[in-house]
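Remarks on the structure that follows.
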Amino acid sequence: LRLDPGLVDAHINLGLLFHRERRLPEAEQCYRQAIESAPQEVLGHFNLAVVLTDAGDRRGAIDAYERVVTLVPSFAEAHCNLGALYEAEGHKAEAIQHYAAAKRLLRGRRPQKRLGIRRGSSPPHTPA
């Protein structure tokens, strides 16, 4: 990574390893580096949101998930997680909006609320 800081996949996967070890500051830094190298990289934003949620930074997590659904409006898990965060923050209208979007997008699939995604994982569900 020192030789080529633009290795987005490496930053994302290293972030997952740190996250699994509960090394949240290091995981956050990896995801931010991935996003800095590739701002349209949805997995960096999504995994950053998961880490920020685990670190107790709801506002930061909401911002990251909002970026995810801007980049990929059909990312149901991001909508579901946004709904939970907005509900926890007392923003009922926003929570309902995102829960409804998740329900519409999932269509019988079960959401994975604590999803951490690495490169090579299945992409988010895109409705036909």
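Can you find a residue that is open to solvent by 10 Å² or more (accessible area, probe 1.4 Å) and touching a residue at least 40 places away in the same chain (Cβ under 8 Å) anywhere in the stretch 51-62? No, that holds for no residue.
When you look at residue 89, is it closer than 23 Å to residue 12 by Cβ and either surrounded by fewer than 21 Cβ atoms within 10 Å (Cβ to Cβ) or at pLDDT 95 or above (or both), yes or no? Considered against the rule, which asks whether it is closer than 23 Å to residue 12 by Cβ and either surrounded by fewer than 21 Cβ atoms within 10 Å (Cβ to Cβ) or at pLDDT 95 or above (or both), residue 89 comes out as no. Among the residues of the stretch 92-122, those identified as modelled with pLDDT under 65 and in contact with a helix residue (DSSP H, G or I) (Cβ under 9 Å, 6 or more places away or on another chain) are 111, 112, 113, 114, 115, 116, 117, 118, 119, 120, 121.
Restricting the stretch 23-42 to residues that are in contact (Cβ under 8 Å) with a residue 24 or more places away in the chain and outside any helix (DSSP H, G or I) leaves a set whose member that is most open to solvent (accessible area, probe 1.4 Å) is 40.
The values are calculated or read from the model by the stated rules, or taken from the named source; none is laboratory data. What you see is a predicted model; the values in this text were computed from it and never measured. Backbone-built Cβ (ideal geometry, glycine too); neighbour counts: all protein chains shown. In case anyone asks, the SASA skips ligands and DNA or RNA and just uses the protein heavy atoms, side chains included. Shrake-Rupley method; radii C 1.70, N 1.55, O 1.52, S 1.80 Å.
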